[in-house]
Amino acid sequence: LYTMASTVNNVYAAMPKSTGAVFRAPLGTAGPATAIDALNAAFTDCGYIGEDGFTESNTRETEKKKAFGGSTVKVLQTDYTATLKFAFLESTSADVLKAVFGDDNVVLDPAKGDITVKKNKKALPHNAWVIDTVDDAVGAIRTFIPNGQITAVEDIVKVHSDVIMYTVTMECFEDSKGNNIYEYIHKNA
């Protein structure tokens, strides 16, 4: 199952699972421990995301220390940041609107089918997040963010020739073990 040799069985093309790709739960919700176990029931499916999938960035800022004469003698890591970027497509989903604008800023009137969204300067909440992908020929990859906060929402374009989408950037904060993101990989037998 685990091989060091080059093989096409190690080449993965991420597709969303039929059960959804992006899930959100309250901060502190117990996360998964594998790529294939059932998710905690507290995780809510946020529906379709854009065709570009999601982009994970791991940025390390460094500072070179030089000795007299100009030789580099040490490279110090001064910062580490993990972020995710993706676009929510289900722009009228209450679960998506709560993720993008905050739970307290989305008011539902189920009897009428109405949703009111208040857009304001309130900081968005920290949540637990899961992104599930699958490659039927290879296996599954699950990305777990125990503490993620949407920190940016790109311009929201409303036009007849495209769908409304919310393209977001999420900051992934360290958990109590010092990890920002967990990635679980399951390979088909």
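Only a single criterion out of (1) assigned to a strand (DSSP E or B); (2) exposed (fewer than 12 other Cβ atoms within 10 Å of the Cβ) is not satisfied by ALA87, namely (2).
The rows are residues; the columns are (1) touching a strand residue (DSSP E or B) at 6+ places or on another chain (Cβ under 7 Å); (2) more than 30 Å from ASN120 (Cβ to Cβ); (3) free of Cβ contacts under 8 Å to residues at least 40 places away in the same chain.
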site: ALA30; (1), (2), (3): no, yes, yes
site: GLY50; (1), (2), (3): yes, no, no
site: LYS64; (1), (2), (3): yes, yes, yes
site: PHE68; (1), (2), (3): no, yes, yes
site: PHE88; (1), (2), (3): yes, no, no
site: SER93; (1), (2), (3): no, no, no
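Scanning segment 22-68 for residues that are basic (Lys, Arg) and either closer than 15 Å to ILE131 by Cα or surrounded by 13 or more Cβ atoms within 10 Å (Cβ to Cβ) (or both) yields a single hit, ARG24.
Figure legend. Inter-residue proximity from segment 120-143: first residues closer than 21 Å to GLU171 by Cβ and without any contact (Cβ under 8 Å) to a residue 40 or more places away in the chain, second residues of a type in the set (A, V, I, L, M) and in a strand (DSSP E or B), beta-carbon distance below 6 Å, spacing 6+ or different chains. Indicated pairs: LEU124/ILE150.
Being over 17 Å from ASN147 (Cα atoms), assigned to a strand (DSSP E or B) and without any contact (Cβ under 8 Å) to a residue 24 or more places away in the chain is a property that does not hold for ASP37. Scanning segment 117-139 for residues that are within 25 Å of GLY28 (Cβ to Cβ), outside any loop (DSSP other than H, G, I, E, B) and not aromatic (Phe, Trp, Tyr) yields HIS126, ASN127, ALA128, VAL130, ILE131, ASP132, THR133. Taken over segment 96-111, the criterion of being buried (at least 16 other Cβ atoms within 10 Å of the Cβ) and charged (D, E, K, R) is satisfied by LYS98 alone. Condition check: over 17 Å from ILE150 (Cβ atoms) and outside any loop (DSSP other than H, G, I, E, B). Does GLU56 satisfy that? No.
Of the candidates THR92, THR29, THR62, the single residue that is hydroxyl-bearing (Ser, Thr, Tyr), in a loop (DSSP other than H, G, I, E, B) and more than 19 Å from MET170 (Cα to Cα) is THR92. Here are some conditions: (1) closer than 28 Å to ASN10 by Cβ; (2) in contact (Cβ under 8 Å) with a residue 40 or more places away in the chain; (3) out of contact with any Leu (no Cβ under 9 Å at 6 or more places or on another chain). PHE173 meets all but one. Which one does it not meet? Just one mismatch for PHE173, condition (1).
Taking PRO16, is it at pLDDT below 70 and surrounded by 12 or more Cβ atoms within 10 Å (Cβ to Cβ)? Yes.
There is no residue in segment 143-160 that is modelled with pLDDT of 90 or more, β-branched (Val, Ile, Thr), part of a strand (DSSP E or B) and loosely packed, with under 10 Cβ neighbours inside 10 Å. There is at least one residue in segment 70-79 that is within 21 Å of the chain's Cα centre (by Cα) and touching a residue at least 12 places away in the same chain (Cβ under 8 Å).
The values are calculated or read from the model by the stated rules, or taken from the named source; none is laboratory data. Here the structure is a predicted model, which means the values were calculated and not measured. Don't worry about glycine lacking a Cβ; one is built from the backbone with ideal geometry, like all the others, and counts go over all protein chains shown.
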